[in-house]
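Take a look at the structure set out below.
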Amino acid sequence: MKHIVGNWKMHGLQREGESLALAVASHIATRHQSDVEVVLCPPATLLTKLSTLLNASRIRLAGQDCHQEQSGAFTGCISAPMLRDAGCDFVILGHSERRQGQGETSALVSQKAKAAYQAGLTPIICIGEALADRDQGKALTVIGEQLMASLPAGVDARELIIAYEPIWAIGTGRTPTQEEIEEVHNYIVSACAGDIKVLYGGSVKPQNAAQILALNNVHGVLVGGASLKLEEFCAVIDMAASLRRVEKNNV
Ligand code: PGA
């Protein structure tokens, strides 16, 4: 089953967030897309309300980050049990905007992933190279290092999701070639002994989603900008669903 994850980042006041989420829910409901797992990552302020509103839908919710501790004197932070309590099933961790903007290291991401797992959340761990790494032929080395250092100790890889997000592709409209995406995904899957789901993220939109979703070892996509546009996000969901139907018919 392909995962289509919409990362709203720091976008969405109550009214617009609710109407977008409900519109996505009604789109899925009318098309019976049971083969696609749709996950929304709204700002934390909307989680509880959306959890109630989407209760009868198949949409699942994710946080955009969590703290590594369960609770404590950490002003401004949200713990994994709080996200679970607010209705989340997943949490994005180690997004490059947090690695770069908040100085998060892979070691910290690994601790957060452990806390998330212990709280009953599936961590979506983001990794990806900078443009300079790719230009210098170091993409796989950097990705391998990030991957190994970000995985939580003692957690089976089947309980985790990795999102490969080349930093230079996020919000830029540029994407790696299909060969480059496939190479990285194959690398991650084989590094985890074949037992892990790997999403691609970075400028995913209706114009490129079908090709990306059809690649080997691409188990879904993490969508930023296009997830805020109803038609674009629904088009990506539809592509994943029709791809899955083709796969099923070929079995
Ligand atoms: P984008 O963002 O789709 O806007 O490039 C992806 C992400 O940051 O997860």
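The values are calculated or read from the model by the stated rules, or taken from the named source; none is laboratory data. All of these numbers come straight from a predicted model, not from anything done at the bench. Cβ sites come from the backbone with ideal geometry, for glycine too, and all protein chains shown count toward neighbours.
A few remarks follow.
- Residue tally, condition within 15 Å of the ligand (Cβ to nearest atom) and among the charged types (D, E, K, R), over the stretch 107-133: 1
- Yes/no for Leu199 being modelled with pLDDT of 95 or more, in contact with a Gly (Cβ under 9 Å, 6 or more places away or on another chain) and hydrophobic (A, V, I, L, M, F, W, C): yes
- Residues within the stretch 162-191 that are touching a residue at least 40 places away in the same chain (Cβ under 8 Å), away from the ligand (no atom under 13 Å from the Cβ) and either under 17 Å from the mean Cα position of the chain (by Cα) or in a loop (DSSP other than H, G, I, E, B) (or both), tallied: 2
- Test: Glu104 is under 30 Å from Ile28 (Cα atoms), among the charged types (D, E, K, R) and within 16 Å of the ligand (Cβ to nearest atom): no
- Extreme residue, nearest to the chain's Cα centre (by Cα), among residues of the stretch 120-149 that are assigned to a loop (DSSP other than H, G, I, E, B) and surrounded by fewer than 19 Cβ atoms within 10 Å (Cβ to Cβ): Gly120
- Counting only strands (runs of 3 or more DSSP E) that fall entirely inside the stretch 1-81 and contain at least 3 residues that are on the phi > 0 side of the Ramachandran plot and free of Cβ contacts under 8 Å to residues at least 40 places away in the same chain, no element qualifies.
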